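Since the structure comes first, as structure tokens, the remarks are kept for the end.
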């Protein structure tokens, strides 16, 4: 069964595609000839690990989320990727509001645009729509809903994602950890958002043995009267 998490982002992507149609955007789309990079890294942070040391500081932590989008980063196959490309554009309000469904931190949205999106050969609108589509295309295993603490090895985590997403391979997915805690899943995608082998220097950084996958904190309740 596909998770409710995936369905929510697919809905956001479809709404965005419809609501954001605008003749102003003429930048190259992902996969078009001339894109100044080879592939993307879609970075998905495991929010409970971050929020364990930043509780209540951002909407991400107040919402009690599991995975949240950290970014969609243009990369070179031989290592690294372009950053901080010249741009006079900034995400408009509608773009920000749509992107909050995947990346619930407005400061991070602006940071990701200036650092990575500016090098994507896309408008801010198209770049963040691509991020939402990439997130929505991924099936999150049901046990990664954030409702309970788990202990799994890196290979077990990878295995669960490969079973839920047959197009993924070991070479198209890496894990990041903070000491013994699972911190981030990174998936390598072609410019048209299909899984591809990761380039040079992209590899998992987790210790062997059991890793802590924290449960998400309970969402904060509003104090409305």
Which of the following residues is touching a helix residue (DSSP H, G or I) at 6+ places or on another chain (Cβ under 6 Å), in contact (Cβ under 8 Å) with a residue 12 or more places away in the chain and in a loop (DSSP other than H, G, I, E, B): 109, 132, 140? 140
Checking residue 109 against (1) modelled with pLDDT of 95 or more; (2) exposed (fewer than 15 other Cβ atoms within 10 Å of the Cβ); (3) more than 24 Å from residue 194 (Cβ to Cβ): exactly one of these is not met. Which one? (2)
Collect the residues in region 65-84 that are touching a residue at least 40 places away in the same chain (Cβ under 8 Å), assigned to a loop (DSSP other than H, G, I, E, B) and either touching a helix residue (DSSP H, G or I) at 6+ places or on another chain (Cβ under 8 Å) or crowded, with 20+ Cβ neighbours inside 10 Å (or both), keeping them in residue-number order. 65, 66, 81, 82
Please pick out the residue among 219, 166 that is at pLDDT 95 or above, in a loop (DSSP other than H, G, I, E, B) and surrounded by fewer than 18 Cβ atoms within 10 Å (Cβ to Cβ). 166
Inside region 143-159, can you point out the residues that are in a helix (DSSP H, G or I) and either more than 19 Å from the chain's Cα centre (by Cα) or surrounded by fewer than 16 Cβ atoms within 10 Å (Cβ to Cβ) (or both)? 143, 155, 156, 159
Return the residue satisfying two criteria in turn: it lies in region 112-127 and is on the phi < 0 side of the Ramachandran plot and touching a residue at least 60 places away in the same chain (Cβ under 8 Å), and of such residues it is surrounded by the most Cβ atoms within 10 Å (Cβ to Cβ). 120
Single match in 189, 138, 131 (criterion: more than 16 Å from residue 75 (Cβ to Cβ), crowded, with 18+ Cβ neighbours inside 10 Å, modelled with pLDDT of 95 or more and under 19 Å from the mean Cα position of the chain (by Cα)): 138
Given (1) under 18 Å from residue 190 (Cα atoms); (2) exposed (fewer than 12 other Cβ atoms within 10 Å of the Cβ); (3) at pLDDT 95 or above, identify the lone condition not met by residue 34. (3)
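The values are calculated or read from the model by the stated rules, or taken from the named source; none is laboratory data. Note that the structure is predicted; figures quoted are calculated from it, not measured. Backbone-built Cβ (ideal geometry, glycine too); neighbour counts: all protein chains shown.
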